[in-house]
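A short write-up of the structure that comes next.
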Amino acid sequence: MESSARREEAAPLTPREIFERLDRYVIGQDAAKRAVAIAAHNHLKRIQARRMRRQSLIKKSNILLIGPTGSGKTHIARNLAEILHVPFTTVDATEYTEAGYYGKDVEVMVSDLLFKANHSVEDTQRGIIFIDEVDKIARRTQGARNGAGSRDIGGEGVQQSLLKLLEGREVHVPMNVTQAWNKSDFVQVDTRDILFICAGTFSDLHDYGDEGGRAMGFGADALGAKRKEKRISTKQLVDFGMMAEFLGRMPVMVQLERLGEPDLLRVLTEPPDAITREFKELLALDEIELEFPESGLREVVRYSLARGLGARGLRSILEHVMSDIMFEAPERKHRQVTVDAEFVKARLAALDDVELNA
């Protein structure tokens, strides 16, 4: 990887340039991509100002992504790192505990980034850490909120431990991720220029945008739709169990929408790394011409929507649909295969039978 420090000598990418590059790989979520592009641009300018030893008032633009499963949270973060040419690592918030308890200390996530940066401290300090499942470290008891209960070491305790990393501080991180307990091999890393992107489904809040609960009676569908369009407020996140201090260090809050059928169809076909392109390339190596009519892809999309899987579920569904073809591919050279609606329905029906009998 080329040193990110060298890349920063040139003018940073504009928000429009970042948005357009994200748009090639991330379908839909235009508002989220714009917000992320602005935050990333400001982050690059902040790093550039610090490299030139200039005093700057620019604060860190850590990002909180909120959205349902399969809406593109991880996909946006991963592609953003590739656009900015910086090291990137994904961690799961549920693996960490408060310092002093069995489990990973939060400094280990910086160690993961250091490993991805080939142990270059300079590149690590300009990387991106994506913390998934952040909604799972919400306060778990009312006692933790008023001080009357036992310690919440995997929830509020983790939020408290993350504060110093999010704000920016020099921390000692283990050189070897697999031996984080070994106190001898440590390196000092400054997290002031590490961009943190946190993500969570916050499923209760996303499905019901206010405290009114589920709408019932005449006009319930319309009322429910209006509620789902409401933006989640900081107060709701605090009531959910997130610390105000934690949210204060995530100044950019982006809410992603649930992807509909048109968007999921585009996910299957338009991006340069679309899974349909991948299958066509794989079968072309066996001299098989593969066709995906829109009717067949619509069945895949509807199956994913019916089960609330979003874009993430498309690959596993299509892998199942294509399993017989992939198994027989080397024996069926010089043929044309069409994955139409009838073909997809037959294989998904078989999958439903397996799930019912399980």
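No lab work stands behind these numbers, since they all come straight from the coordinates. Being a predicted model, the structure only gives us computed values, none of them experimental. Methodologically, a virtual Cβ is constructed for each residue, glycine included, from the backbone with ideal geometry; neighbour enumeration extends over all protein chains shown.
Subtracting the Cα-Cα distance of GLU82 and LEU351 from their residue separation scaled by 0.36 nm leaves 93.3 nm. The HN-Hα couplings worked out from phi for the stretch 319-336 by the Karplus form 6.51 cos²θ - 1.76 cosθ + 1.60 (θ = phi - 60°) are 4, 5, 4, 8, 4, 5, 5, 5, 5, 8, 3, x, 9, 10, 5, 6, 10, 10 Hz, whole numbers, x standing for Gly and Pro. For GLN255, the residues whose modelled amide H falls within less than 5 Å of its own, excluding neighbours fewer than 5 places apart on the same chain, are ILE66.
Arranged by the count of other C-beta atoms within 10 angstrom, fewest first, what order do ILE66, ILE288 take? Don't skip to the answer; put the middle values down first.
Working: ILE66 23, ILE288 19.
Ordered from fewest to most neighbouring Cβ atoms within 10 Å, ILE66, ILE288 come out as ILE288, ILE66.
Return the subset of LYS33/LYS59; LYS73/LYS345; LYS280/LYS345 for which the Cα-Cα distance in this structure is over 25 Å, preserving the input order. Show your work: numbers first, answer last.
Details: LYS33/LYS59 20 Å; LYS73/LYS345 29 Å; LYS280/LYS345 20 Å.
Listed pairs above 25 Å: LYS73/LYS345.
Among residues other than ILE288 with Cβ under 12 Å from its Cβ, the summed charge is -3 (Lys and Arg +1, Asp and Glu -1).
Here the Karplus relation 6.51 cos²θ - 1.76 cosθ + 1.60, evaluated at θ = phi - 60°, turns the backbone of the stretch 185-194 into coupling constants of 9, 10, 9, 8, 10, 8, 8, 5, 10, 7 Hz, with x for every Gly and Pro.
Length gained on full extension, GLU245 to GLN336: 26.9 nm, using 0.36 nm per residue less the C-alpha separation.
If each residue of separation counts as 0.36 nm, what is the full-extension length gain between GLU319 and ARG307 once their alpha-carbon separation is subtracted? The partial results should precede the final answer.
Details: separation 12, 0.36 × 12 = 4.32 nm, distance 1.64 nm.
Additional length available on full extension: 2.7 nm.
Classify the stretch 261-357: rounded, prolate or oblate, from the alpha-carbon gyration tensor (a ≥ b ≥ c, eigenvalue square roots; a/c under 1.5 rounded; otherwise prolate if a/b is larger than b/c)? In terms of gyration-tensor shape, oblate.
Each label was represented as a point 7 Å from its Cα along the Cα-to-Cβ direction; for ARG16 and MET175 these points are 4.8 nm apart.
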